[in-house]
Amino acid sequence: MARSLKLGIVVGRSADTAKRAYLKGIPEKLLGDNEDPPADVAVAWYIKKTYPNVIVDIITPNDISLARFNQNDFIYVLYDLIDCFNEGGIELFRIRTKIYSETKAIMYPTVEMQKLIISKSRYYKLLLDHGIPVAPYISVSKAEYISKTKPQRKVLSREMLSKIKEKEWPGVIAKPELGSYGTGIKIFPDIKKLNETGISKLLEKTFIKDNFEAMLFQRYMEDFPHYFEIRTYWINGKYKKSVGTIIDYNTLGTGDEELYIDTPKNEGGDIPSFIIDPLKEIGKKIIKTLPKMYGSPNLMVRMDFGCCQVGDDTIKGVQPDMCKKYFLNEVELTPNLFPDYGKYDIIKGLGDALVVKARELVEKPTKIKSRKRKIQKKG
């Protein structure tokens with residue numbers, strides 16, 4: 001009989017909840033505001049009740065410590081470094097990064113991969129180099145900004161504005177690295193209204209007040225608010241489900257975004273397959289392009305696709321007002337799961353795959369420890 005696996009799961013997101021008949025007996029302190037369990041807690045509880053040889057340690061943000069992590073063989077982070085930043089700013093981000101890096105347990109996702117996904121400019125370049133469509137962008141880092149004097153910062157703002165206007169974009173959307181749930185995002189749908197003062201104030205707030213690591217300026221895609229953003233979920237490199245959302249842009253960044261949600265027709269909803277099928281093909285390319293953690297397929301990847309690519313024809317045989325070509329908007333390794341949408345039970349699917357992955361890596365300690373030391377040195 002295999003020895004018991006000590007599996008720590010870091011939770012802390014309350015909005016992404018799951019309704020399941022098999023999720024009974026969860027302590028009240030772990031439930032969400034609507035008294036349903038958050039999806040991260042649901043995954044942990046499902047494993048706890050399904051696998052008697054797995055000792056599940058449900059770790060809330062207040063419980064995070066090196067000593068607590070070191071009590072486990074494997075730590076799975078569903079409350080990642082971006083969540084830590086949103087909880088306590090750059091200081092807490094640094095403290096938690098140190099803990100996540102120094103634990104003796106196998107950390108998943110690795111700090112190195114979390115940092116890659118935090119940096120959209122890094123993984124956008126990686127994907128572009130492999131022919132994956134992303135929205136056109138330019139970026140500036142906090143390190144570059146704070147290295148300059150106040151007069152030099154004004155010059156930098158002027159240069160950024162000039163670069164943006166040279167692109168002849170109709171508008172721009174500014175996205176900070178380390179931001180999530182719309183925090184720090186600023187939309188300028190009309191490029192004519194964007195000026196040097198606006199850029200200067202935005203960069204000062206982004207880097208000095210909010211301590212974000214970088215700012216991306218992307219072409220404002222006029223069609224984006226009118227078409228589904230498609231979130232595709234992949235476990236161990238295999239497609240599992242999609243969820244489409246249309247956000248009310250007037251609520252973006254408020255913390256209370258309003259969404260219209262649907263799923264593909266063959267998954268219980270109304271989104272046609274001619275929209276989803278091309279995204280699966282792009283998704284396969286992205287899976288092959290992203291670095292693999294510990295030499296095996298990444299446990300969970302969510303790829304979010306937006307519409308519409310500029311200057312491309314519509315999908316053959318489809319009316320222009322129905323669908324255009326999508327681009328990769330975002331990659332996440334510890335995403336919200338939208339567990340109550342679609343036929344696929346992502347709570348069970350992720351839970352089962354996590355146990356297999358953890359056992360696989362824990363049972364190869366020599367190889368993993370060697371690889372982990374290399375990763376920590378890079379971080």
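Just so you know, all these numbers are worked out from the coordinates, no wet-lab data involved. Fair warning: this is a prediction, and the values are worked out from it, not measured in the lab. Note that we place each Cβ from the backbone using ideal geometry, even for glycine, and neighbour counts take in every protein chain shown.
A Cβ distance below 6 Å, combined with a sequence gap of six or more or placement on separate chains, defines the contacts here; from the range 156-172, residues that are within 21 Å of GLU204 (Cβ to Cβ) reach residues that are surrounded by fewer than 20 Cβ atoms within 10 Å (Cβ to Cβ) and of a type in the set (Asp, Glu) in the pairs SER157/GLU196; ARG158/GLU196; LEU161/GLU196.
Note on the range 48-79: residues that are surrounded by 21 or more Cβ atoms within 10 Å (Cβ to Cβ), free of Cβ contacts under 8 Å to residues at least 60 places away in the same chain and part of a helix (DSSP H, G or I) total 0. The single residue among LYS120, LYS163 that is surrounded by fewer than 18 Cβ atoms within 10 Å (Cβ to Cβ), under 23 Å from PRO189 (Cα atoms) and in contact with a strand residue (DSSP E or B) (Cβ under 8 Å, 6 or more places away or on another chain) turns out to be LYS163. Screening ILE276 with (1) surrounded by 15 or more Cβ atoms within 10 Å (Cβ to Cβ); (2) of a type in the set (A, V, I, L, M); (3) closer than 30 Å to CYS84 by Cβ gives one miss only, at (3). Of all residues in the range 213-230, none satisfies being over 25 Å from SER139 (Cβ atoms), out of contact with any strand residue (DSSP E or B) (no Cβ under 9 Å at 6 or more places or on another chain), surrounded by fewer than 20 Cβ atoms within 10 Å (Cβ to Cβ) and not polar (S, T, N, Q). Of the helices (runs of 4 or more DSSP H) entirely within the range 80-184, those holding at least 1 residues that are among the acidic types (Asp, Glu) and within 26 Å of GLU258 (Cα to Cα) occupy 81-102. On inspection, LYS19 passes the criterion of being of a type in the set (D, E, K, R) and exposed (fewer than 14 other Cβ atoms within 10 Å of the Cβ).
Of all residues in the range 27-46, exactly one satisfies the criterion of being farther than 14 Å from ILE59 by Cα and touching a helix residue (DSSP H, G or I) at 6+ places or on another chain (Cβ under 6 Å), namely TYR46.
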